[in-house]
Amino acid sequence: MTRRNLMLLAAAGSLALLIGAYIFQALGYAPCKLCLWQRWPHWMGVGVGVVALIVGPYLLLALLGALTALTTAGIGAYHTGVERGWWEGPTSCSGTGPGLGGMSGADLLSLDAPVDIVMCDEVAWAFLGVSMASWNVVASLVIALIWFKAMTRDDDAVAGA
């Protein structure tokens, strides 16, 4: 496989994960804050693939693509730890907030408080006991390996063979 094809495969992998995330969202599995954070690097990976298609499969683009995949894998690993209670998550979407004791009477009576917060420390869906965040880690590491394979590919040597 050429460098360009590997880069397009990796970008397509990120796009497939994004499509899957939006399908789950359409089925009623609302994303939490950390789920949304995991999507941004995938969008960047898709963008890198588009740029590689237009301007060429440059080594620097492959490196950038690998970094996007490793970034979303890192966020997914952090999210997995939050879900499993290994560490605290963001107070805005975890059960580790200050609680009612830190709220004023006006805060408690306010109707402006958000009611549809999706908790980051609760697993909304799992397959084989593995959450979506954990599956994102696995898939993103595979995508990163494809980006790294693209980096090691020498298209000139392939064309001459």
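The values are calculated or read from the model by the stated rules, or taken from the named source; none is laboratory data. Not measured: the values here are computed from a predicted model. Cβ coordinates were reconstructed from backbone atoms using ideal geometry, including for glycine residues, and neighbour counts include every protein chain displayed.
Search region 1-31 for residues being within 12 Å of the chain's Cα centre (by Cα) and buried (at least 18 other Cβ atoms within 10 Å of the Cβ), and hand back the single one that is modelled with the lowest pLDDT. So, considering only residues that are within 12 Å of the chain's Cα centre (by Cα) and buried (at least 18 other Cβ atoms within 10 Å of the Cβ), the one modelled with the lowest pLDDT is P31.
Scanning region 46-88 for residues that are among the acidic types (D, E) and part of a helix (DSSP H, G or I) yields a single hit, E83. More than 16 Å from H79 (Cβ to Cβ) and of a type in the set (A, V, I, L, M, F, W, C): is that true of A21 in this structure? When the stated conditions are applied, A21 does not pass them.
The criterion of being farther than 12 Å from W147 by Cβ and hydrophobic (A, V, I, L, M, F, W, C) holds for V82. If only residues of region 65-86 that are hydrophobic (A, V, I, L, M, F, W, C) and surrounded by fewer than 19 Cβ atoms within 10 Å (Cβ to Cβ) are counted, the one that is nearest to F24 (Cα to Cα) is A77. Count of region 109-161 residues, restricted to those that are assigned to a loop (DSSP other than H, G, I, E, B), at pLDDT 85 or above and among the aromatic types (F, W, Y), is 0. Each residue in region 47-60 was checked for being among the aliphatic types (A, V, I, L, M) and surrounded by 21 or more Cβ atoms within 10 Å (Cβ to Cβ), and 2 pass. The single residue among W37, W43 that is in a helix (DSSP H, G or I), surrounded by fewer than 16 Cβ atoms within 10 Å (Cβ to Cβ) and not small (G, A, S) turns out to be W43.
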